[in-house]
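The values are calculated or read from the model by the stated rules, or taken from the named source; none is laboratory data. It should be emphasised that the depicted structure is a prediction, and the values quoted were computed from it without experimental measurement. Every residue, glycine among them, receives a Cβ derived from its backbone with ideal geometry; neighbour counts consider all protein chains shown. We work out accessible area using only protein heavy atoms, side chains counted, and drop any ligands, DNA or RNA first. Shrake-Rupley method; radii C 1.70, N 1.55, O 1.52, S 1.80 Å.
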Amino acid sequence: VPSSRDIDAYAPEITQSLGEAIRWFIIATAIRELRTGKVGHSSMLVHTTHRVKGHELQKGVIDDYLRELALGADQEAMRAVHEKQTGHGAGLSHDEPSFSWEEIWTRVREILPSFTVKIDNGESNDRLAYPDGEPQRVIAVGGGTLSRGLTLEGLVVSYFLRSSNAYDTLLQMGRWFGFRPHYADLVRVWVGPGLIDDYRHLARVERQVRDEISQMG
């Protein structure tokens, strides 16, 4: 995660975790569409810095990665992510239909060229939009606007490394954990070091406040 002081030297890359997150987003989108029999908005969040220049650089490397996948997707790498992630969240599947890897892979290859990357920040000219009748498969790269109420339609994967010392900011970012019917078991969150502990602490604080309110009631 680049700091404000070293943003000029920032050279983003597709790390192992980001590559895995992107591949799972594509796979999960394919599975969801197979389940529902229709195409809907599907989004992934990438939030690692609040710096506009960082967003532009990151969009470039993700665009290149998607282009490489579309030109010659590595089935074995995709299948490895599928096998690694499939067991997680299985208890949330609620009897959703299952599909063979061959069925999933066929759908993945069909939809790969349609994924796009959008920057959403205070200076971007091509911001996120979800027009009716035009389902978007989009990776959203951004900062402040993504933590101040912007809705990411069909959010499947969240990848964010940026932390905060302010609890209200963390709670705002926590809404990215949300999900909707038919893909609760497909939702994944990748977070940076320490963030899991921060959210665990916030969950305890919230539970304590709720208990105290109940006692006073």
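Points to keep in mind about this one:
- The residues of segment 107-130 that are under 23 Å from Ala70 (Cβ atoms), without any contact (Cβ under 8 Å) to a residue 12 or more places away in the chain and of a type outside the set (D, E, K, R) amount to a single one, Ala129.
- Filtered residues of segment 120-143 (kept if of a type in the set (S, T, N, Q) and either within 21 Å of Glu20 (Cβ to Cβ) or open to solvent by less than 50 Å² (accessible area, probe 1.4 Å) (or both)): Asn121, Ser124, Gln136
- Within segment 38-78, the set of residues being open to solvent by 30 Å² or more (accessible area, probe 1.4 Å) and touching a residue at least 60 places away in the same chain (Cβ under 8 Å) comprises Val39, His41, His50, Arg51, Val52, Glu56, Lys59.
- Every residue from segment 107-123 that is touching a strand residue (DSSP E or B) at 6+ places or on another chain (Cβ under 7 Å) and farther than 13 Å from Ala30 by Cβ: Thr116, Val117, Lys118, Ile119, Asp120, Asn121
- If you go through segment 84-105 and keep only what is without any contact (Cβ under 8 Å) to a residue 24 or more places away in the chain, outside any loop (DSSP other than H, G, I, E, B) and loosely packed, with under 11 Cβ neighbours inside 10 Å, you end up with just Glu102.
- Among the residues listed as Val117, Val108, Val81, the single one being open to solvent by less than 20 Å² (accessible area, probe 1.4 Å), outside any helix (DSSP H, G or I) and within 19 Å of Val157 (Cα to Cα): Val117
- Of the residues making up segment 10-37, those that are open to solvent by less than 30 Å² (accessible area, probe 1.4 Å) and either aliphatic (A, V, I, L, M) or outside any helix (DSSP H, G or I) (or both) are Pro12, Leu18, Ala21, Ile22, Ile26, Ile27, Ala28, Ala30, Ile31.
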